[in-house]
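Presented below is the structure to which this report refers.
The values are calculated or read from the model by the stated rules, or taken from the named source; none is laboratory data. Predicted model only: the values in this text are computed from it and were never measured. When we count neighbours, we look across all protein chains shown, and the Cβ atoms used for this are built from the backbone with ideal geometry, even at glycine.
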Amino acid sequence: MSGPDLLFYFFATLSLGGGLLMVFSRHPVSAALFMIVSLVGVASLFVLLDAFFLAILQVLVYAGAVMVLFLFIIMLLDVGPSGAKASKVKLLSGVAGLISVGLLVVLLLDLGLGSMDCSECSAENCDACGESAAFAWPEIRDETAANGNSLIFSPSVKAFGFGLLAKYMLPLQVAGFLLLAAMVGVIILSKKSTAEGEG
Amino acid sequence: MNTITPHHFLILAFLLFGVGFLGVVIRRNVLLVLMSLELMLNGINVALVAFSRAGANLDGSIFVFFIMTVAAAEVSVGLALLVALYKKRKSIFTEDMNLLGN
């Protein structure tokens, strides 16, 4: 087991453990801080996958902006730990949680067995199964050109910008418009509620 | 990465999605439900980037970019709705949102 493998397991544990602690933590502030740990773990996994731009974006947007927004709202609303009336809908949510965990286990077993079972796939598309050490990640080429209609993976921001502004021009504009709509919507929502509170 | 395959990343992505889904189902604090939704989106992002890297195709990574955009917009609107709701009903627990009756 070499260095990058250990790093994968370390960051996988970090993101999964952060997520689990977030789900099961009593206090919303500690939940938000565990969530930041989980998001940084996911960003490190992006680095392992050579998606450096996405890793930076993950830290900036999620850990930087979204979680700060969450913490701001937690402190604005001044919500404490959820304790007293926690056992009200316990049965229903317990059943729902049990079903979701069962679904998770079934799908996970399916995924895990699928990697072991190599009898069904033919020789040429059998890269991902069989002896797991046999899988070779494709070499990274530092070019921005499109291969036919699909873009070639590259860790550079230049390739990302090329893809965004050439092939995904319309989705980019729609995303910008969505952000504008969200901003206007948030302003209107908060204005309306304060006006009602005063009036 | 010698022994790490896309399957490892897929299993991790699925576990992240499952943990997030568990949080959405069992938590009753709407703030934590929104955070768990973020965790589910992160699981999907890991799967998309792993596929994108393994297939040497940038489209998956660009998709992750758009998912991040939509998630940021969703969180801002969701939190604004939550603040408006808190001003009206003085609670952010899902069991108190029973305007349609029990």
note = Expected single match for more than 20 Å from B:Phe14 (Cβ to Cβ), crowded, with 17+ Cβ neighbours inside 10 Å and not small (Gly, Ala, Ser) among A:Leu57, A:Leu39, A:Leu14, A:Leu45 is A:Leu57
inquiry  = Show the residue pairs meeting these rules: Cβ distance below 8 Å; 6+ apart or different chains; first residue within the range A:92-105 and more than 11 Å from B:Ile26 (Cβ to Cβ); second residue hydrophobic (A, V, I, L, M, F, W, C).
reply    = A:Leu104/B:Phe14; A:Leu104/B:Leu15; A:Leu104/B:Phe21; A:Leu104/B:Leu22
task = Within the range A:85-93, identify whether any single residue is aliphatic (A, V, I, L, M), at pLDDT 80 or above and out of contact with any Phe, Trp or Tyr (no Cβ under 8 Å at 6 or more places or on another chain), and answer yes or no.
result = no
query = Is it true that some residue in the range B:51-66 is more than 7 Å from chain A (Cβ to nearest Cβ) and under 24 Å from A:Leu21 (Cα atoms)?
reply = no
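Yes or no, residue by residue, for (1) over 15 Å from B:Phe17 (Cα atoms); (2) touching a helix residue (DSSP H, G or I) at 6+ places or on another chain (Cβ under 6 Å); (3) not hydroxyl-bearing (Ser, Thr, Tyr):
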position: B:Ser36; (1), (2), (3): no, yes, no
position: B:Val46; (1), (2), (3): no, yes, yes
position: B:Ser52; (1), (2), (3): yes, yes, no
position: B:Val75; (1), (2), (3): yes, yes, yes
position: B:Tyr86; (1), (2), (3): yes, yes, no
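Do we have A:Gly3 as surrounded by 14 or more Cβ atoms within 10 Å (Cβ to Cβ) and either farther than 30 Å from A:Ala159 by Cα or without any contact (Cβ under 8 Å) to a residue 60 or more places away in the chain (or both) here?
Criteria not met by A:Gly3.
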inquiry  = So, B:Leu39, is that one crowded, with 23+ Cβ neighbours inside 10 Å, closer than 30 Å to A:Leu91 by Cβ and at the interface with another protein chain (Cβ under 7 Å from one of its Cβ atoms) or not?
reply    = yes
key: Subset of the range B:1-43 that is outside any helix (DSSP H, G or I) and touching an Asp or Glu at 6+ places or on another chain (Cβ under 8 Å) - its residue that is nearest to A:Phe34 (Cα to Cα)   = B:Arg28
query = If you scan the range B:44-74, which residues turn out to be surrounded by fewer than 19 Cβ atoms within 10 Å (Cβ to Cβ) and not in a helix (DSSP H, G or I)?
reply = B:Gly55, B:Ala56, B:Asn57
key: Selection count where residues are within 24 Å of A:Ala31 (Cβ to Cβ) and surrounded by fewer than 24 Cβ atoms within 10 Å (Cβ to Cβ), scope the range B:1-20   = 4
remark   = The correct count of residues that are over 18 Å from B:Leu15 (Cβ atoms) and more than 9 Å from chain B (Cβ to nearest Cβ) in the range A:17-35 is 5
task = Would you confirm whether any residue within the range B:76-88 is at the interface with chain A (Cβ under 7 Å from one of its Cβ atoms), farther than 20 Å from A:Leu39 by Cβ, part of a loop (DSSP other than H, G, I, E, B) and over 17 Å from the mean Cα position of the chain (by Cα)?
result = no
A:Ser38 vs. criteria at the interface with chain B (Cβ under 7 Å from one of its Cβ atoms), under 20 Å from B:Ser91 (Cβ atoms) and polar (S, T, N, Q) = no
